[in-house]
Every structure is written in structure tokens, then in C-alpha cells.
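The values are calculated or read from the model by the stated rules, or taken from the named source; none is laboratory data. Owing to the predicted nature of the structure, the values given are computational and were not obtained by experimental measurement. All Cβ positions, even for glycine, are placed from backbone atoms using ideal geometry, and neighbour counts span all protein chains on display. Areas reflect the complete protein model, heavy atoms only, side chains present, ligands, DNA and RNA absent. Shrake-Rupley method; radii C 1.70, N 1.55, O 1.52, S 1.80 Å.
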Amino acid sequence: EVFDAKFGKTVTKHFDARTIVVDPQTFLLRNLGCVNNTIVHECVHWDRHRKAFELERLYNASATQIKCIVVGGIKKEGSRSANDWMEWQANSLAPRIQMPLGPFKTKAQELIRKYQKLLNTTILVDIMESVIDELALFFCVSRHAAKIRMVDAGYEEAIGAFTFIDGHYVKPHAFKKGSLPLSCNFSSHFV
């Protein structure tokens with residue numbers, strides 16, 4: 001069942017096997033990076049999880065499709081199901097597939113040099129938002145995904161970029177190198 005905006009109601013539609021269905025409102029409500037991430041996320045499921053799904057279908061006749069439903073909240077540690085782990089894996093791999101670390105670092109360095117020269121500064125926090133935005137455009141990902149990948153790539157200065165608090169973005173800021181433990185698993189929270 002899918003919602004048909006043209007008729008304003010839920011309708012039953014048939015989709016061929018191996019079809020990824022993406023809500024067209026995703027692009028309008030979010031951005032192209034979100035749509036691309038969704039498609040890559042579903043491809044990870046196909047590549048890594050389809051055999052698990054086929055096994056489930058052997059004992060569960062009602063299992064006809066893999067659905068990725070977004071539900072808010074945080075589960076207690078140790079209470080994750082096999083499906084939770086598959087979602088975690090697809091969420092973690094999708095941005096890494098879209099932004100392979102080697103090419104990502106190369107492009108980031110190129111943009112850092114560009115903006116340092118353009119803005120006549122060597123202070124990374126002063127150029128980080130421009131670099132992140134251009135990386136997001138280049139890799140066709142969300143700003144958030146590009147920011148997190150910058151942290152993955154070792155740029156702690158990215159942590160203080162595009163911080164949204166109390167209904168607005170705060171001024172970009174940085175911390176003394178090493179003062180924030182990156183062991184908080186910041187990079188695994190892709191949205």
C-alpha cells in the first residue's frame with residue numbers, strides 16, 4: 001500500500017521484484033542528498049541482507065518485502081533485533097559508499113586550499129561551512145552527511161560547523177585538538 005497524492009488516499013499497487021520505492025515527497029521535504037542516501041541504503045540491503053530476508057520467508061509467509069520504517073527514539077543497549085542491526089549497517093555503509101574516504105579526503109583538501117586562499121585565512125573553522133557545503137554538492141549528499149564524513153576524515157573542526165540549537169545555527173566554533181573524545185561514535189549517527 002502506498003499513498004497516492006494525486007487521489008489523496010492510500011492505494012494498493014504492484015511493484016516488480018528488486019524495486020526500490022522512494023517517497024517523492026522526500027526530495028521536496030528534504031534534499032537530493034537524502035534521496036540518494038535512501039537509494040544507496042536500500043542497495044546495501046539488497047547486497048548484504050537479501051539472503052537473511054529469503055531465510056525469513058521460509059518460515060514467515062507474510063514476509064513479502066523489506067520495509068525501512070523510520071521511528072524516533074533510542075533502543076536500550078542489548079535490545080536490538082536482527083533487523084535493527086541490518087538497519088544500522090545500511091545506515092553506516094550508505095554514506096561511506098557515496099563518499100569513499102580517499103576521494104573524499106582529496107576533494108576536502110582541494111576545497112580547504114581553495115577557501116583558505118579565497119578568504120585569506122589558515123583557520124579551518126572559518127572556512128569549514130563553505131567546505132562542507134561544497135562537498136555536499138560535489139558528492140550529492142546532505143550537508144549533515146558531509147559534515148559527519150569530515151569528522152570521519154579527521155577534521156575535528158567540522159564538529160562545530162552547522163550546529164543547530166534553539167531554532168537557529170550557532171556561530172562556527174572549534175575546540176583544542178584532542179579535547180573532545182571522538183569515541184562518542186559521532187560518525188555512526190547518519191540520518
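Scanning region 132-158 for residues that are of a type in the set (A, V, I, L, M, F, W, C) and surrounded by 20 or more Cβ atoms within 10 Å (Cβ to Cβ) yields ILE132, LEU135, ALA136, PHE139, VAL141, ALA145, ALA146, ILE148, MET150, ALA158.
A single member of ALA108, ALA90 is at pLDDT 95 or above and either at negative phi or under 23 Å from the mean Cα position of the chain (by Cα) (or both), and it is ALA108. Just one of the listed residues (PHE15, PHE53) is among the aromatic types (Phe, Trp, Tyr), surrounded by 12 or more Cβ atoms within 10 Å (Cβ to Cβ) and modelled with pLDDT under 90, namely PHE53. In region 61-71, is there at least one residue being among the small types (Gly, Ala, Ser), open to solvent by less than 90 Å² (accessible area, probe 1.4 Å) and modelled with pLDDT under 75? Yes, region 61-71 contains a residue that is among the small types (Gly, Ala, Ser), open to solvent by less than 90 Å² (accessible area, probe 1.4 Å) and modelled with pLDDT under 75.
Taken as a whole, the condition of being under 19 Å from PRO95 (Cα atoms), at pLDDT 75 or above and not in a loop (DSSP other than H, G, I, E, B) does not apply to VAL22.
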